[in-house]
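Report on the following structure.
Every number in this text was worked out from the coordinates using simple rules, so none of it is lab data. Bear in mind that the values here come from a model prediction, so they are computed numbers and not experimental data. Every residue, glycine as well, gets a Cβ built from its backbone with ideal geometry; the counts of neighbours run over all protein chains shown.
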Amino acid sequence: MKQKRPKVLLIYTGGTIGMINDPNTGSLKPFDFKSLSLQIPELKNFNVELSSVSFKNPIDSSDMKPEIWVELAELIGLHYNSFDGFVVLHGSDTMSFTASALSFMLENLAKPVILTGSQLPIGTIRTDGKENLITAIEIAAAQEKGKPIITEVCIYFEYKLYRGNRTFKYNSEHFDAFKSPNYPHLAEAGVEIMYNKPAIAKASKGKLKLHTSLNNDIAVLHLFPGISKKITTTILQSKGLKAVVILTFGAGNATTKDWFIDELKTAIKKGIIIYNVTQCQQGRVVQGMYQTSSKLKQIGVIGGSDITFESAITKLMFLLGSKSATTQIKKALAGNLRGELSN
Ligand code: ASP
């Protein structure tokens, strides 16, 4: 019996990858996805049935917002049963935020959702976009014994596949633009694509559940020596504030000054959630390891372990949007939902 070709849906949201050089004007313009195989003839050699859909108004990913994440999640939900895998073309600037958001919004995901993009437009000679796109499609189509190898939201960039909610963009010049310092890569593309099986999430058994309610009543308090009481108070007393990510030093440490602890305590008493995320790119928050974090623990600040800033923000949006009780939200923040933190 002839094996069915895997079906992959390519979703173009915008970003550098989708630009080509217009030979008439010499400037960059959005790619016409109908002529995809004309631009990338290699795609014809693939044993994949490829379909594509493009956002009506492709964006630079710096304009990304929760409403578009909802649109994206709903699009994947709508086509979920008709495709074996999804590739999302996205600008690299906020790709880690989108990958993290989607990981929370798509509960029980059992198919690959691979985000990719490029540092140079697909129409330029030295583009990194072609390899990124071709391999992302190959990964989205990859199956073993009729089942997808990858069943989570990932970023594929410059020969490496990462768990999306563990990444951040760390380089705006090199092709190798992403890092995942607290979790190993899931695959590496060389002559063959080598999958790091023990690191790949197990497929969920339940039905896909879409979460499309996000709440962005969140602030960020990036600590630095000399941070002012006046500004800290203004942030913590913002109207409508529901949660604050405090970006702390080292293993989750902050100043022990009374005014700082008192401000946080007052906020927590009002029901505001304080989430402790480290400024370090590697390692984790361990509240209580130093005296400078034990007070935070005592007053009810939630430690974020080794979560990235990108994941922390989108996890909060997702949990606040779920309208669960504050105690439940706090429990979920400290624990692991989609492989975003180690505990
Ligand atoms: N500014 C662009 C974006 O994020 C950069 C890129 O595409 O990589 O949309």
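Taking a threshold of 27 Å on the Cα-Cα distance, which of the pairs Lys4/Lys207; Lys197/Lys331; Lys7/Lys179; Lys111/Lys160 fall above it? Among Lys4/Lys207; Lys197/Lys331; Lys7/Lys179; Lys111/Lys160, the Cα-Cα distance tops 27 Å for Lys197/Lys331; Lys7/Lys179.
The antiparallel fraction among DSSP beta bridges confined to the chain stands at about 35%. Mean 1/r over all different Cα pairs, inverted: what Kirkwood radius does segment 146-199 give, in Å? Hydrodynamic radius (Kirkwood, Cα pairs) of segment 146-199 is 11.7 Å. Extent of segment 91-161 along its three principal axes (Cα atoms, max minus min coordinate, largest first): 38, 29, 16 Å. Taking Cα atoms only, the orientation of helix 95-105 departs from the longest principal axis of the chain by about 80 degrees.
Two numbers describe the Cα atoms of segment 200-251: Rg and Dmax, which are 17.6, 50 Å.
Considering only Asn47, Leu161, Ala73, and ranking their Cα positions along the charge dipole of the chain that arises from unit charges at the beta-carbon of Lys, Arg, Asp and Glu, the one farthest toward the positive end is Ala73. The Cα-based radius of gyration and maximum Cα-Cα distance (Dmax) for segment 302-343 are 9.4, 25 Å. Label-to-label distance for Thr212 and Thr124 is 3.7 nm, based on points extended 7 Å past Cα in the beta-carbon direction. Backbone amide hydrogens, once placed in the peptide plane, bring Val87 within less than 5 Å of Leu9, Leu10, Ile11, Ile114, excluding anything fewer than 5 places away on its chain.
If you keep only loop residues by DSSP, which chymotrypsin sites (Phe, Trp or Tyr not before Pro) in segment 31-130 have at most 13 other Cβ atoms within 10 Å of their Cβ?
On the way: sites: Phe31, Phe33, Phe46, Phe55, Trp69, Tyr80, Phe83, Phe86, Phe97, Phe104; in loops: Phe31, Phe46, Phe83.
Qualifying residues, ordered by number: none.
Computed extension gain for Gln298 through His174, at 0.36 nm per residue and net of the alpha carbon distance, reaches 40.4 nm. Of interest is the spacing of the C-alpha centroids, which for segment 208-244 and segment 264-285 amounts to 10 Å. Over all pairs of different C-alpha atoms, segment 123-264 has a mean inverse distance whose reciprocal, the Kirkwood radius, equals 19.1 Å. Against the chain, whose longest principal axis comes from its Cα atoms, helix 129-141 is set at around 90 degrees. For the chain, the relative contact order is 15 percent, taking Cα pairs closer than 8 Å that sit 6 or more residues apart in sequence and dividing their mean separation by the residue count.
For segment 154-233, the alpha carbon convex hull comes to 182 Å³ per residue, rounded to a whole number. Taking other Cβ atoms within 10 Å as a rough exposure proxy, Phe318, Phe175 sort from fewest to most as Phe175, Phe318.
Over segment 200-343, what portion of Cα pair distances is larger than 18 Å, expressed as a whole percent? Please report the intermediate quantities before stating the final value.
On the way: 5660 of 10296 pairs.
So the portion of pairs separated by more than 18 Å is 55 percent.
The stretch between Lys269 and Ser51 holds 73.3 nm of extra length on full extension. This uses 0.36 nm per residue minus the Cα-Cα distance. For segment 114-199, the list of GluC sites (Glu not before Pro) that fall in a loop by DSSP and count at most 15 other C-beta atoms within 10 angstrom reads Glu173, Glu192.
Take every Cα pair under 8 Å whose residues are at least 6 apart in sequence, average their separation, divide by the length of segment 164-244, and the relative contact order is 18 percent.
Distant-in-sequence amide contacts of Lys160, defined by a placed amide H-H separation under 5 Å and a gap of 5 or more residues or a different chain, comprise Ala189.
Computed from Cα positions, the angle between helix 66-79 and the longest principal axis of the chain comes to roughly 40 degrees. Shown here for segment 171-252: trypsin sites (Lys or Arg not before Pro) in loop regions (DSSP other than H, G, I, E, B) with at most 10 other Cβ atoms within 10 Å, namely Lys202, Lys205, Lys207, Lys239.
Potential lengthening of the chain between Asp262 and Gln143 amounts to 37.4 nm, from the contour at 0.36 nm per residue minus the alpha-carbon distance.
Overall, the chain carries a charge dipole of about 1320 debye about its Cα centre when +1 sits on the Cβ of Lys and Arg and -1 on the Cβ of Asp and Glu, all other atoms neutral.
When the Cα convex hull of segment 113-154 is projected onto planes of every orientation, the mean area is 3.0 nm².
Looking at the chain, I'd like the Rg to Rh ratio, where Rg is from alpha-carbon atoms and Rh is Kirkwood's inverse mean 1/r. Mind dumping the intermediate values first?
Details: Rg = 21.2 Å, Rh = 21.1 Å.
Taking Rg over the Kirkwood Rh, I get 1.01.
Given charges of +1 on the Cβ of Lys and Arg and -1 on the Cβ of Asp and Glu, with all other atoms neutral, how large is the dipole of segment 248-300 about its Cα centre, in debye to the nearest 20?
Numbers: 7 positive and 3 negative charges, 27 e Å.
Here the size comes out at about 120 debye.
For segment 50-209, taking Cα atoms only, Rg and Dmax work out to 14.6, 44 Å respectively. Ordering Ala251, Ala267, Val277 by the projection of their Cα atoms onto the charge dipole of segment 229-278, which places +1 on the Cβ of Lys and Arg and -1 on the Cβ of Asp and Glu, puts Ala267 at the extreme positive end. Restricting the calculation to Cα atoms, segment 54-102 shows an Rg/Rh of 0.95 when the hydrodynamic-style radius is the Kirkwood one.
Of all DSSP bridge pairs formed entirely within segment 1-156, close to 20 percent run antiparallel.
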